[in-house]
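Trainee: Right, I'll just put the structure down here and ask away after.
Please treat every number below as a calculation from the coordinates, not as lab data. For clarity, every value in this text was computed on a predicted model and none was experimentally measured. We place every Cβ from the backbone using ideal geometry, glycine too, and count neighbours over all the protein chains shown.
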Amino acid sequence: MTTTPVRLTPEDVENPVGAYARFREQTELPRVVLPGLDTPVRLVTRYADVKAALTEPRLVRDRAGLAAPADAGSDPQDELLAAAFDSFPAEYAGYLSGHLALFDGEEHARRRAPLTRAFTARRIAALRGFVERTAAELLADLAARDEPADLLGEFAYPLTTQVICELVGVEEADRPQVCGWIRDFAYGDGSRTVEGLVGIVDHVKELIARRRAEPTGDLVSALAHDTREGEQPLDEDDLVAAVFLLINTGITPPALFLAHGLLALFDHPDQLARLRAEPQLLERAVPELLRYITLVRIGATLYAAEDFTFARTALRTGDPVTVALLAADHDPKEYGEAPERLDIAREFGRGDGHLAFGHGAHYCLGAALGRLVTSVVLDQVLIRRPEAALGVARDGLEFGHWPADGFHLLRLPVRL
């Protein structure tokens, strides 16, 4: 029997309790329509089911070739891609739609393997000094002012942009211009988005050519030269798409997470006071904030590759399924009583202890870098600056939301 789908609001999507608690108790996966979209999807909310969905080979990312159900509407993934990329020139938009989250199997493995090898623990650890210096310089300039600083627009975004430029290998002389293009493309006011895209693509192509001729120790050099026996080398388009993957996933989501992480601690003064009194808890505070916030609340759309039953729900070939990562990370069966409570001393078992970075073959490539940057920021903003506090009344903060998502901070005024 077909049930009427529940239309979710942005408030529903970002509420870790709310509708998710009701959905977890249902026998079948609920059919929902995410905010701003039109196509119903089956929503997975239980921790165990979300983890299983992310490793289920019969749930795929690429819908091409699958038969759509007779009553299927438009494709939710197409709706999101259209909202994001329709304004871009076709010859450039292809670099954006080549996101690893949209591929499966051998094609996903081919594109991901060089990136996985390039994201070595040694390369990430070597970035710590750069992250610490850059964060300290940004904060020193902001603290010299009399008014509160916007720790999203004036700190988190510039910091994550500089980190990606350093990782990719953008040369010092080119960095102001390239960072300007990234700002215009990734988090500007929207008036120069296309110009930012074109500038980044053209510069990355030039950088690839230079690194093919004279490799250095940066990530572009590693991607351009590290091809294993039997592997198909990444061509220029693949390399440009890989850099855009880093820009799309390594700047705005981490910057927003840093802002929301700081706000979560301002919202919980007892936890903030404990972190300042016991800075050794920083190692536990980082994964707990990742779990508590779970910035990517809703995962990429999955499609049933055949008729089968998943989570006590009969799926037909082509049926869209989406995982609610925030719901999973607040599942009482996994986290016990009051999982909506922030506890910086929370102890996790093996592994991450949360699904904020996903799970399985599509696990976030930048997870280690995200943890590193978060620990540096919490240390420098909150522990080393014990007087740092929210610079406006809590109800004076501004939020916005994107299609299929909840609300995100637009600014975070803080007195340093």
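Trainee: Considering just Cα atoms, how many Å³ per residue does the convex hull of segment 136-222 enclose?
Mentor: Convex hull volume per residue, Cα atoms: 97 Å³.
Trainee: For the chain, what is the calculated [θ] at 222 nm in deg cm²/dmol (nearest 500), taking -39500 (n - 2.57) for each run of four or more DSSP H residues and dividing by its residue count?
Mentor: So the calculated ellipticity at 222 nm is -14000 deg cm²/dmol.
Trainee: Let me ask something else about it. State which helices in the chain qualify, where a helix is a whole DSSP H run, it must extend 18 Å or more along its own axis by its Cα atoms, and its mean Kyte-Doolittle hydropathy must be at least -1.0.
Mentor: Helices meeting the span and hydropathy rule in the chain are 128-143, 193-213, 236-250, 252-267.
Trainee: Based only on Cα atoms, what mean projected area does the convex hull of the chain have, in nm²?
Mentor: Over every viewing direction, the Cα hull of the chain projects on average to 20.7 nm².
Trainee: Hey, another quick one. Applying 1/(1 + (r/R0)^6) with R0 = 30 Å to the Cβ-Cβ distance of Glu137 and Asp202, what FRET efficiency is obtained, to the nearest 0.05?
Mentor: 0.55
Trainee: Which ordering of Asp104, Asp218 is given by a fewest-first count of other beta-carbon atoms within 10 Å?
Mentor: Going from least to most buried by this count: Asp104, Asp218.
Trainee: If you don't mind, another one. Any chance you could run the full-extension gain for Ala173 through Ala21? It's 0.36 nm times the residue separation minus the Cα-Cα distance, nm to one decimal.
Mentor: Going from the current span to full extension adds 49.5 nm.
Trainee: Glu147 to Arg350: extension gain in nm, 0.36 nm per residue of separation minus the Cα-Cα distance?
Mentor: Gain on stretching Glu147 to Arg350: 68.7 nm.
Trainee: Still on this structure: Quote the FRET efficiency, to the nearest 0.05, computed for Arg192 versus Ala101 with a Förster distance R0 of 25 Å and r equal to the Cβ-Cβ distance.
Mentor: Taking R0 as 25 Å, the efficiency between Arg192 and Ala101 is 0.45.
Trainee: Counting only C-alpha contacts under 8 Å and six or more residues apart, can you give the relative contact order of segment 292-416 as a whole percent?
Mentor: Worked out over segment 292-416, it gives 19 percent.
Trainee: Then there is this: Say a paramagnetic label sat at a point 7 Å from the Cα of Arg117, along Cα to Cβ; which residues of segment 224-257 have their backbone N under 15 Å from it?
Mentor: 224-235, 239
Trainee: Run the dipole for the chain about the Cα centre, Lys and Arg Cβ at +1, Asp and Glu Cβ at -1, nothing else charged, and hand back the magnitude in debye, nearest 20.
Mentor: 1020
Trainee: Going by Cα centres, segment 260-320 and segment 1-38 are how many Å apart?
Mentor: Using only Cα atoms, the two centres lie 17 Å from each other.
Trainee: Which order, highest average first, do 382-394, 176-188, 251-263 follow once you tally other Cβ atoms within 10 Å for each residue and take the mean per peptide?
Mentor: 251-263, 176-188, 382-394
Trainee: Does a label point 7 Å from the Cα of Ala90, set along Cα-to-beta-carbon, have any residues of segment 219-252 with amide nitrogen under 19 Å, and which are they?
Mentor: Under cut-off, by backbone N: 237.
Trainee: Multiply the residue gap between Glu340 and Arg276 by 0.36 nm, knock off their C-alpha separation, and tell me the result in nm, one decimal place.
Mentor: Result for the pair: 20.8 nm of gain on full extension.
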